[in-house]
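Here's the structure, in C-alpha cells; my notes come after.
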Amino acid sequence: MSKKIVLTGGGTAGHVTPNIALLPSLREAGFEISYIGSYNGIEKKLIEEQGVPYYGIDSGKLRRYFDWKNFTDPVHVVHGYGQAMSLLKKLSPDVLFSKGGFVSVPVVRAAAAQHIPVIIHESDMTPGLANKLAIPAAKKVCCSFPETVKYLPEGKAVLSGSPIRQELLQGIRRRGLEFTQFPDDGKPVLLIIGGSQGSVAINKALRADLDALLEDFRIIHLCGKGNLDESLKDRSGYAQYEYIEGELKDLFALADIVLSRAGANSICELLALRKPNLLVPLSAAASRGDQILNADSYEKQGYSMVLKEENLTPESLLTSLRKLYHDRGQYIRAMESSRQSNAIEVIMGLIREEAGL
C-alpha cells in the first residue's frame, strides 16, 4: 500500500516551486500526492499543471501593517482551519510538507491536531510570519542558509538547502533563441526576473534606460502580471513576458547574466545554474528585510553583485550590469567552488522517515 503525502504552501511562486521540485522524487518513491492551497492563488494553476489533485481552502492574509481586513481575515483563517481538518481526515496522509505562505498555517495546525507528522521548509534567512506560527507544530524545519539554524528550535532544524527544479538544469540555448526570436548575433543576453508579481522599481529603471541597455545586451524581461508595456512590444532585442514557466529553462540557458530580486528560491536557482547575477533586494520599507539578508549572504560568498533598491536608478542599473558582465568570470568561479547541498535528497530522507518508509 502506497504512502500518502499532502503538500501545502502558496501566495507567491516562491512558496510553490520547491514543492514542484519535489514531485518527481515523491512519485518515484511511490507517494500518493495531494495539495492544499488557497482558492485562487498562483499555486492553484501551477499545481494543477503538474497533474496533482488540488484542494482549495479559505485563507486570510498575515499583515504587519494596519489594514481593515486584519479584523475580518481571522474569520477566514478559522474557516480555513475547519476546511483543512475535514480535508486531512478525508485524505488521511502519512506526512505533510509545508513550504509556507499564509495559506499553510491552518493546514499545518490541522495536521498537528490530527497527529500527522509535519515537515516545514523555510527558504529565507529568518523565518517568515507564517512559518513562525507553524513551527511549533512541526517535527522538522528545513532551511537554506546556515545562519537560519540559530533562529529555529533546537532539535528541529535541518540545513537542507532549497529544492531546485531539476529541469532548470536541462535548458537548451537554441530553443531560447527560437522562443525569443532573437538573432544569434553574439550580443550577450540579459534576463530580468522580478518575481511572480513583478517589480515596479526594476521595471521602471530598466525601461527608462532601455536604449542604452540595448546597445550592450539583448534583453528578456519577465515583468510580472499586468506589467507589459505595449509601446515596447516591437522593440528589436527586447522580449517581455508577464510570467514564464515551461520555457524558463531555455531562457536561463540563453542568458549570460541575470538581474533578479533576492528571494531565496530564485537565488538558489541562480547558484545552481552558475549564472552571474545582480540582485536588487526588496527594500526593508516594503518587506521584513529577508531579501536584504539573502543578498548580503550571497554577496559575501562572492556569488552575487548587489544594488540596493534605494540606490536603483537608470544610471546605476546600467553601470552595475556592465560591470557584472565584465567581471562575470569571477562570479562563475565562486559559484563553481560552492558546495551546493542536495536539498531534494535531504528532504526526501526526512519525508521517508516520518512516513515510516
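Quick note: the coordinates plus some simple rules give every number you see, no bench work behind them. Owing to the predicted nature of the structure, the values given are computational and were not obtained by experimental measurement. FYI the Cβ positions are ideal-geometry reconstructions off the backbone, even for glycines, and counts take in every protein chain you see.
What the table below lists for this structure:
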item	result
In order through the stretch 343-351: 3J(HN,Hα) via Karplus (6.51 cos²θ - 1.76 cosθ + 1.60), integer Hz, x for Gly, Pro	4, 4, 5, 5, 5, 4, x, 5, 5
Options 11, 283, 324, ranked by Cα towards positive dipole end of the chain, top entry (Cβ charges)	11
Packing-based ranking, highest mean first, of 346-356, 149-159 given that Cβ atoms within 10 Å are counted	346-356, 149-159
Rounded to 10°, Cα long-axis angle of helix 264-273 versus longest principal axis of the chain	60
Cα gyration tensor, the stretch 167-336 - rounded (a/c under 1.5), prolate or oblate	rounded
Amide N proximity, the stretch 1-42 versus residue 79 label position 7 Å along Cα-to-Cβ, cut-off under 14 Å	38-40
Relative exposure of 290, 209, 184, judged by other C-beta atoms within 10 Å (fewest first)	184, 209, 290
Mean residue ellipticity (222 nm) of the chain, computed from DSSP H runs ≥ 4 via -39,500 (n - 2.57), nearest 500	-11500 deg cm²/dmol
Cα-based reach from residue 156 at 18 Å (exclusive), listing aspartates and glutamates while leaving out same-chain residues under 8 positions away	122, 124, 147, 345, 353, 354
GNM flexibility winner over the chain from 276, 106, 53 (Cα, springs under 10 Å)	53
Inter-part distance where the stretch 192-267 and the stretch 115-140 are each reduced to a Cα centre, Å	32
Length gained when the stretch residue 48-residue 333 is fully extended (0.36 nm per residue, less Cα-Cα span)	98.8 nm
The chain - charge dipole about Cα centre, Lys and Arg +1 at Cβ, Asp and Glu -1, debye rounded to 20	840
Over 25 Å (Cα to Cα) - which of 3/89; 4/99; 4/225; 99/150; 45/225; 44/308 fall in this group	4/225; 44/308
Computed over the stretch 167-336: relative contact order in percent, which uses C-alpha pairs under 8 Å that are six or more apart	24
Karplus-derived 3J(HN,Hα), 6.51/-1.76/1.60, for each residue of the stretch 323-329, Hz, glycine and proline x	5, 4, 5, 4, 9, 4, x
Under the Karplus curve 6.51 cos²θ - 1.76 cosθ + 1.60, θ = phi - 60°, whole-Hz ³J(HN,Hα) for the stretch 20-37, x wherever Gly or Pro sits	4, 4, 7, 4, x, 5, 5, 5, 4, 7, x, 6, 8, 10, 10, 9, 10, x
